[in-house]
C-alpha cells in the first residue's frame, strides 16, 4: 500500500562554488558560506518540527553536501539520491516526492524548477501571509518552504503553506 505524502518540504541546495571552479555543473560543491548555510537550514528544519521521514536528493555534489550538513540535525531520516531531481521541472519534483512513499518528504534540488513549484503551491494555497509571499517571491540558496498536501496532483486543491526559512540576505 502506498502512503500518501502529507508534508512536502522543498529545499534549494546551499551556495555552491562558482562554475569555473568545477569541471562540470553537477560537480560543483559548496562554498564555505554554503556549508554554514546548509547547517543552518538543517537546524531550522529540525526546529520547525515538520517530522521529515525521507529526503530525496539530486545527484549533484552541492545537493548531496547540503544534505550531509542538514542531516546532522535530522537523525534517522532516510535519504535517497534521485537522478531525476537534477535540474528537474516542478512536475518531476512533485511526482518524485509522491513516489517516495513517505508521510513527510524533503526534496533537495535546484532552481528554477524548485522555485516554480514553491510559487505554484503558494498560489494554490491562497496564503497571503508575509512568509508565504516572501517564499513565493524569492528562493535563495539554502531556503526551504513546507506545505501540507491533500491531493496527489499539482492541480489538487487545498495545499496549505506551513512554514519557510531562508538565510539572511
Next on the checklist: Condition first: surrounded by 23 or more Cβ atoms within 10 Å (Cβ to Cβ) and in a strand (DSSP E or B). Now tell me which residues in region 89-106 satisfy that.
Outcome noted: 105, 106
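Looking for whichever is crowded, with 21+ Cβ neighbours inside 10 Å, part of a strand (DSSP E or B), without any contact (Cβ under 8 Å) to a residue 60 or more places away in the chain and touching a helix residue (DSSP H, G or I) at 6+ places or on another chain (Cβ under 6 Å) here; the options are 161, 147. Which one fits?
Details: 147 fails: without any contact (Cβ under 8 Å) to a residue 60 or more places away in the chain.
Checking each option against the conditions leaves just 161.
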Next on the checklist: I'd like the full set of residues that are at pLDDT 95 or above and surrounded by fewer than 14 Cβ atoms within 10 Å (Cβ to Cβ), limited to region 1-18.
Outcome noted: 18
Item to check | Enumeration of residues in region 107-129 that are in contact (Cβ under 8 Å) with a residue 40 or more places away in the chain, farther than 14 Å from residue 146 by Cβ and either in contact with a helix residue (DSSP H, G or I) (Cβ under 8 Å, 6 or more places away or on another chain) or not in a loop (DSSP other than H, G, I, E, B) (or both) | outcome: 109, 110, 115
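Okay, residues lined up against (1) in a loop (DSSP other than H, G, I, E, B); (2) touching a helix residue (DSSP H, G or I) at 6+ places or on another chain (Cβ under 6 Å); (3) in contact (Cβ under 8 Å) with a residue 40 or more places away in the chain:
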{"position": "20", "(1), (2), (3)": "no, no, no"}
{"position": "38", "(1), (2), (3)": "no, yes, yes"}
{"position": "42", "(1), (2), (3)": "no, yes, no"}
{"position": "47", "(1), (2), (3)": "no, no, no"}
{"position": "52", "(1), (2), (3)": "yes, no, yes"}
{"position": "68", "(1), (2), (3)": "no, no, no"}
{"position": "76", "(1), (2), (3)": "yes, no, no"}
{"position": "87", "(1), (2), (3)": "yes, no, no"}
Checklist entry - Could we say that residue 59 is in a loop (DSSP other than H, G, I, E, B) and either in contact with a helix residue (DSSP H, G or I) (Cβ under 6 Å, 6 or more places away or on another chain) or crowded, with 20+ Cβ neighbours inside 10 Å (or both) here? => result yes
Checklist outcome for this item: Matching residues in region 130-144 (surrounded by fewer than 17 Cβ atoms within 10 Å (Cβ to Cβ), in contact (Cβ under 8 Å) with a residue 12 or more places away in the chain and either touching a helix residue (DSSP H, G or I) at 6+ places or on another chain (Cβ under 7 Å) or not in a loop (DSSP other than H, G, I, E, B) (or both)) number 2
Checklist entry - For the subset of region 23-35 comprising residues that are touching a strand residue (DSSP E or B) at 6+ places or on another chain (Cβ under 8 Å) and in a loop (DSSP other than H, G, I, E, B), which member is surrounded by the most Cβ atoms within 10 Å (Cβ to Cβ)? => result 28
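The values are calculated or read from the model by the stated rules, or taken from the named source; none is laboratory data. All of these numbers come straight from a predicted model, not from anything done at the bench. Every residue, glycine as well, gets a Cβ built from its backbone with ideal geometry; the counts of neighbours run over all protein chains shown.
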